[in-house]
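Some notes on the structure that comes next.
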Amino acid sequence: MTTALDALLRVDRAAFSLDLPLDAAPGEVVALLGPNGAGKSTALRALAGLLPLTDGHLRLDGAMLEDPAAGVHTPAEQRPVGVVFQDYLLFPHLSALDNVAFGLRCRGHRRREARALALPWLERMGLAEHAAARPGSLSGGQAQRVALARALAVRPRLLLLDEPLAALDARTRLDVRAQLRRHLAEFEAVAILVTHDPLDAMVLADRLVVIEDGRTVQSGTPSEISRRPRTDYIARLVGLNLYRGTAAGHRVELPDGQELFTSEEISGPAFVAFPPAAVTLHRHRPDGSARNVWPLTVAGLDLHGDQVRVDLTGPLPLAADLTPAAAAELDLAPGIEVWAAVKAAQTHAYPA
Ligand SMILES: Nc1ncnc2c1ncn2[C@@H]1O[C@H](COP(=O)(O)OP(=O)(O)OP(=O)(O)O)[C@@H](O)[C@H]1O
């Protein structure tokens with residue numbers, strides 16, 4: 001992999017130290033997940049140049065931006081970095097267009113030129129008709145897109161998103177999450193996202209880095225992490241099976257031809273999610289009412305709290321949670337073949 005971001009973020013604060021290696025390839029979206037106080041904001045601020053590294057380094061596209069041992073510290077405003085803050089930090093007295101033009105003005109563009117460069121970004125976000133609006137008259141989702149346009153307009157090589165959907169209500173969040181996913185997919189440089197929300201992380205990121213107490217406890221793709229969580233915190237956090245496919249009615253076809261049935265009626269690109277607790281396992285093909293039934297192989301078993309998380313491979317890799325008694329009754333062990341069933345009503349489908 002070509003490494004665009006190569007960082008070792010070491011920051012010492014009074015009673016806390018961050019020691020986080022972080023690499024990413026061009027076009028990769030990495031989510032930093034972790035409990036309160038884990039050090040996510042500290043990492044983001046260090047990447048942005050708002051908090052100096054105590055030790056370690058930060059290299060972007062081969063250029064050393066920070067290396068305390070060598071006395072290198074590139075100030076925040078000189079870094080090719082765009083930031084979308086949690087509450088967006090839009091300037092209330094500037095129009096949407098001037099908010100997007102602001103970063104370009106800071107980088108030396110004249111007013112007319114900055115506006116001319118900013119407008120296509122508002123158009124891409126579907127906000128051209130709101131160019132003259134002040135942030136106060138925009139909806140939460142629109143304000144979020146203005147903040148994203150402002151961050152992208154300077155063509156950053158590193159895009160930082162701090163809880164980008166946290167300020168939105170549940171309904172808006174669904175739409176904005178899907179839009180953000182599309183914009184991130186088009187973004188050719190590295191994006192780092194900080195979030196508390198496992199669904200945001202799993203939908204938006206190619207890779208998750210889970211941090212606890214300033215250290216990485218696990219990293220991998222969303223499906224690797226949800227199938228094989230290494231700590232109780234992660235098991236609770238990413239307890240979700242998530243697939244992407246194309247929906248027609250109640251049926252969602254996955255890229256490899258597998259299909260999932262959902263109770264929601266939906267069409268076009270879609271996600272289907274269900275929790276591991278919704279999966280039942282059987283030694284023989286069940287005759288019940290479940291429409292989603294697959295023969296799978298047990299790859300691993302882990303005890304998390306009072307549940308056994310079963311990692312299953314086969315046509316549709318998934319995670320199932322069982323009680324220890326149920327796991328013992330099925331005599332589960334790696335290599336054993338089982339049938340997994342999920343009722344359509346236990347799945348949740350929504351547009352991708
Ligand atoms: N200005 C500061 N001076 C000293 N310590 C700080 C400062 N700001 C934060 N900390 C400490 O650094 C640690 C990491 O905080 P940080 O805000 O990075 O965590 P976080 O993962 O972003 O948490 P949250 O999800 O609550 O925002 C915490 O223990 C916090 O108390």
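Could you grab the relative contact order for region 23-136? Cα pairs under 8 Å, six or more apart, rounded to a whole percent.
It comes to 17 percent, rounded to a whole number.
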message: What does the extension gain come out to for H282 and R105, with contour length at 0.36 nm per residue minus their alpha carbon separation?
response: 57.4 nm
- request: At 1.4 Å probe size, with every protein chain present, just tell me what the per residue accessible area of the chain comes to in Å².
  value: 45 Å²
task: Sticking with the crude label model, points 7 Å out along Cα→Cβ, report the distance from E253 to L301 in nm, one decimal please.
output: 3.8 nm
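Might you report the magnitude of the Cβ-based charge dipole of the chain about its Cα centre, with Lys and Arg at +1 and Asp and Glu at -1, to the nearest 20 debye?
Approximately 1180 debye in magnitude.
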- prompt: Counting only residues 5 or more places away or on other chains, whose amide H sits under 5 Å from the amide H of A352 once H atoms are built in the peptide plane?
  reply: A270, F271
query: Under 12 Å from a point 7 Å along the Cα-to-Cβ line of L89: which residues of region 132-163 have their amide N that close?
result: 151, 160-162
- request: Return the long-range amide H neighbours of L65 (sequence gap of 5 or more, or a different chain), with a cut-off of under 5 Å between placed amide H atoms.
  value: L58, R59, L60
field: Table column - 3J(HN,Hα) (Hz), region 304-321, Karplus curve with 6.51, -1.76, 1.60, x for Gly and Pro
entry: 10, x, 9, 10, 9, 8, 9, 8, 10, 10, x, x, 9, x, 7, 10, 10, 10
statement: Per GNM of the chain with C-alpha springs under 10 angstrom, the most fluctuating residue out of A328, A151, A191 is A328
task: For region 178-208 and region 1-39, compute the distance between their C-alpha centroids and round to whole Å.
output: 15 Å
message: Per-residue counts of other Cβ atoms within 10 Å, averaged by peptide: what ranking do you get for 97-109, 330-342, highest first?
response: 97-109, 330-342
task: With a 10 Å radius around each residue's Cβ, average the other Cβ atoms per peptide and rank 29-35, 252-258, 271-277, highest first.
output: 29-35, 271-277, 252-258
query: Long-range amide H contacts for A189: which residues qualify at under 5 Å (H placed 1.01 Å from N, peptide plane, sequence gap of 5 or more or a different chain)?
result: G27
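For E264 and R112, calculate 0.36 nm times their separation in residues minus their Cα-Cα distance, and state this gained length in nm to one decimal.
Full-extension gain reported as 49.9 nm.
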message: For the chain, what does the helix formula give at 222 nm: sum of -39500 (n - 2.57) over DSSP H segments with n ≥ 4, over the residue count, nearest 500 deg cm²/dmol?
response: -7500 deg cm²/dmol
statement: Under the Karplus relation with 6.51, -1.76 and 1.60 and θ = phi - 60°, whole-Hz ³J(HN,Hα) for region 192-205, x at Gly and Pro, equal 10, 10, 9, 8, 8, 9, x, 5, 4, 4, 6, 7, 8, 9
task: Could you run the Karplus curve 6.51 cos²θ - 1.76 cosθ + 1.60 with θ = phi - 60° over region 281-286 and give me ³J(HN,Hα) per residue in whole Hz, x for Gly and Pro?
output: 10, 9, 6, 10, 4, x
message: For the chain, what does the relative contact order come out to in percent, with C-alpha contacts under 8 Å and a separation of six or more?
response: 15 percent
task: Would you please give the FRET efficiency between T2 and T216, computed as 1/(1 + (r/R0)^6) with r the Cβ-Cβ distance and R0 = 22 Å, to the nearest 0.05?
output: 0.55
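The values are calculated or read from the model by the stated rules, or taken from the named source; none is laboratory data. This one's a predicted model, so the numbers in the text were calculated from it and none came from an experiment. We place every Cβ from the backbone using ideal geometry, glycine too, and count neighbours over all the protein chains shown. For accessibility, only protein heavy atoms count, side chains too; no ligands or nucleic acids. Shrake-Rupley method; radii C 1.70, N 1.55, O 1.52, S 1.80 Å.
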